[in-house]
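The values are calculated or read from the model by the stated rules, or taken from the named source; none is laboratory data. Everything quoted here is computed from the prediction, not taken from an experiment. Note: ideal-geometry Cβ built from the backbone for every residue, glycine included; neighbour counts use all protein chains shown.
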Amino acid sequence: MKRRAFLAGSAAGTFALAAPAIVRGQDVTTLRVHQMLPAQATIPSKAIAPWAQRVEEASGGRLKFELYPAMQLGGAPPDLFDQAKDGVVDLIWTVLGYTPGRFPKSEVFELPFMVTKAEATSVAFQQFVEANSIDEFAGVKLLCVHTHGPGLFHTKDPVTKLEDLKGMKIRGGSRIINGLLAGLGAEPVGMPVPQVPEALSTGVINGTTIPWEVTPALKVAELVHNHTGFSGTHGLYTQTFAFTMNLDRYNGLPDDLKALIDQNAGVETARAFGAAMDAGDAVGLKIAQDAGNSIVTLDEAETQRWKDAAQPTIDKWYADATAAGFDGKALHEAAQALVAG
C-alpha cells in the first residue's frame, strides 16, 4: 500500500479520482482512505490497514489503497462522512457523533450503559443498523459500523463518587455524551478526540471521556493520572463509528471487485473492528498501570447511583425520538436485545 500525504490546503481538484494504471495487463484502481487519528492508533493500524491489505491481496493487485491518517487530505473530522459521500476521497472512517442529528436512530447505541465489550457491541450495532437505520447511510457504501469498548473518565483530579464530577470540564465526543455529562454534574466540552491532548495540557478541560484503547496514541496516561470506570458488564457509554466508501466509486468497480468489497463488509468486518478495540483497551490499561496511575472501578452501589443519574438522558432521547417521528423506546429495547445476544 502506498501512503502519501497531500497538503491539507490543496484545492479540491487534488482529490480527483486517480486514473487507473495498467499492471500486467489489468486495470489497477487506487482508492484513498482518510481518517482522523495517527497511523499508529488502534483502528488505523489494527483494523483499517489489515483490511486494506487483505482486500488488495484478494483482488490480485487490481485494488490498491493509500492510507491517509490524521486528516492529511484536509478538512476537519466532522467533514469525513461527506468527504466520502461527495467523492472528495474514496473511503473514510469516522465518528458518527461528530455530525449531531444526522444519525438519530443509530444514536441509540450511545445511550448510557449500552456497551459491553467492543466486539459484541459492534456486532449488535451492525445488525441494528442493517435492520433499523440503514436509511441513515443512503448515498454511501457502508462497509461496517462499530463501537469502542466501555468509555471511562481520565481526569486530573480523582473521581471516586458522583459528586466529584461536579463542575469538572470534561470532554465529550457527541451530543448524547455531552448531555449525559451535564446530567451527571460535569461541564461538558465537545471536541473531536485529536484535540484532547492540547486541551488537557492547556487546562481547557480537566478530563476526558474516552476508552482505554485511544489513550496511548494521545498519551493520556502521561497527561492525567486518574482513571475511573464502572462495575458490571456494561460501561458508561460508547461512541459509534462508520467505515464507508464513496458509492459511485463502488458502483464503478467490475462486478467481481464489488463482490470482493461486499465480502469484506458487514457483520464480520464490524466484529474485526470491535475486536481490535478490545485488544487496544488492554494495551491502554497496561500503560496506565505500568505508569503507576490511579485506576478506580466504582463499586456496584456507586455505579447504580450513576445509572440513576443517567436515566434522564435516556428519557430525553425518547422524547427527541418521538419528536422526530420514530419510537425511541422500541429501538432502545431492540438494541439492548441485540447487545444481550
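Things worth noting here:
- Subset tally (residues that are part of a loop (DSSP other than H, G, I, E, B) and among the basic types (Lys, Arg)) for the range 54-75: 1
- For the range 186-240, residues that are without any contact (Cβ under 8 Å) to a residue 24 or more places away in the chain, surrounded by fewer than 23 Cβ atoms within 10 Å (Cβ to Cβ) and either of a type in the set (Val, Ile, Thr) or assigned to a loop (DSSP other than H, G, I, E, B) (or both) total 5.
- Considering residues of the range 84-109 that are in contact (Cβ under 8 Å) with a residue 40 or more places away in the chain and under 16 Å from residue 326 (Cβ atoms) only, the residue surrounded by the most Cβ atoms within 10 Å (Cβ to Cβ): 109
Residue-by-condition table, conditions (1) out of contact with any Leu (no Cβ under 9 Å at 6 or more places or on another chain); (2) polar (S, T, N, Q); (3) in the same structural domain as residue 269 (by TED's automatic domain parsing):
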{"position": "169", "(1), (2), (3)": "yes, no, no"}
{"position": "175", "(1), (2), (3)": "yes, no, no"}
{"position": "180", "(1), (2), (3)": "no, no, no"}
{"position": "194", "(1), (2), (3)": "no, no, no"}
{"position": "201", "(1), (2), (3)": "no, yes, no"}
{"position": "221", "(1), (2), (3)": "yes, no, no"}
{"position": "229", "(1), (2), (3)": "no, no, no"}
{"position": "256", "(1), (2), (3)": "yes, no, yes"}
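- Filter result (in a loop (DSSP other than H, G, I, E, B) and farther than 30 Å from residue 257 by Cα) within the range 129-161: 149, 150, 151, 156, 157, 158, 159, 160, 161
- Neighbours by Cβ (under 7 Å, 6+ apart or cross-chain): first from the range 246-258, assigned to a loop (DSSP other than H, G, I, E, B); second not aliphatic (A, V, I, L, M): 253/29
- Look at (1) modelled with pLDDT of 95 or more; (2) of a type in the set (A, V, I, L, M, F, W, C); (3) within 24 Å of residue 103 (Cβ to Cβ) and you find that residue 58 fails only one, number (3).
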